[in-house]
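For reference, the structure is listed below as structure tokens.
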Amino acid sequence: MGYTYRQDLTKFEYATCLAAALTYLMINQQDPVGLVTFGEKLKAWLPPRSKRTQFSSVLSVLSKLVPEGITDYGSCMNQLTSLIKGKSLIMIFSDLLADPEPIIKSIHQLRHRGHEIILFHILDEAEAKFPFDGMVEFEDVETPTVVTVDAYGMKDDYLAAVKQFREKYKDECLRSGCDYVAIDTSVNFDKALMEYLLQRQRRF
């Protein structure tokens, strides 16, 4: 999540900005808002509150977050399920670059318990659009692996794989009755958020 190709915000920063903006909107509507952050294990847990001081609490946690390596979605989402009391609106912000099966299983479990889910799938512009030419060297930000590829030769296959990757989550969310929002960092987060909120408003 700590990657950016040429944007001002990394995926991680983009996600925290979205989370902060939604927190602000919901607190202003006097809706209770909580926050859970996790990597290999649960890290921060702010129980839902609707007081205006909650916005400052959320910002304080978000400002101290740093992207890490491995994320254990299955275990952490199971713990999240046990923390949430009553039916809630759960917003998930992630690049989803992990084994999809535990993530999808967790989403289905949360829906089965009556929660409403919005999955914000955030990719960097380069991951979504592959704006490279010629021979390009890629270094994995989470491991020391370095790979040199012919960008032109693999672009079509790569974009097809990204489309399939997103479609899998979109289809699973549709099947579960969840909202799926695919975003990349080339779109200003405030514009992306406003477009989604308008679409959501028209449905209700």
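A short reminder: the numbers here are calculations on the coordinates, not readings from a lab. The model shown is predicted, which means the values in this text are computed figures rather than measured ones. Neighbour counts run over all protein chains shown; Cβ positions are idealised from the backbone, glycine included.
Computed from Cα atoms, the angle from the helix 151-176 axis to the main principal axis of the chain rounds to 20 degrees.
For region 1-87, the alpha-carbon coordinates run over 37, 30, 19 Å along the three principal axes, in decreasing order. Ignoring lysines fewer than eight residues from Lys41 along the same chain, the ones with Cα atoms less than 18 angstrom from its Cα are Lys64, Lys105. Remark on Met91: its backbone amide H falls under 5 Å from those of Ile118, a criterion applied only to residues 5 or more positions apart or on other chains, H modelled at 1.01 Å from N. For Ser56 and Phe138, a Förster radius of 35 Å and the Cβ-Cβ distance give a FRET efficiency of 0.35, rounded to the nearest 0.05. Applying a 4.7 Å Cβ-Cβ cutoff to the chain leaves Cys17, Cys76 as cysteine residues with no disulfide-compatible partner. Taking label positions 7 Å along the Cα-Cβ direction at both Thr145 and Met194, the computed distance is 4.0 nm, reported to one decimal. Normalised by 2.2 N^0.38 Å, where N counts its residues, the alpha-carbon radius of gyration of the chain equals 1.06. Our note on the geometry: Cα centres of region 17-76 and region 169-190, 19 Å apart.
On the principal axes of its alpha carbon atoms, region 33-136 extends 53, 32, 22 Å, with the longest extent given first. Relative to the longest principal axis of the Cα atoms of the chain, helix 189-203 runs at roughly 60 degrees.
Note on region 122-204: percent of Cα-Cα distances in each 10 Å bin, starting at 0 and stopping at the bin with the largest distance, equals 15, 36, 31, 15, 3.
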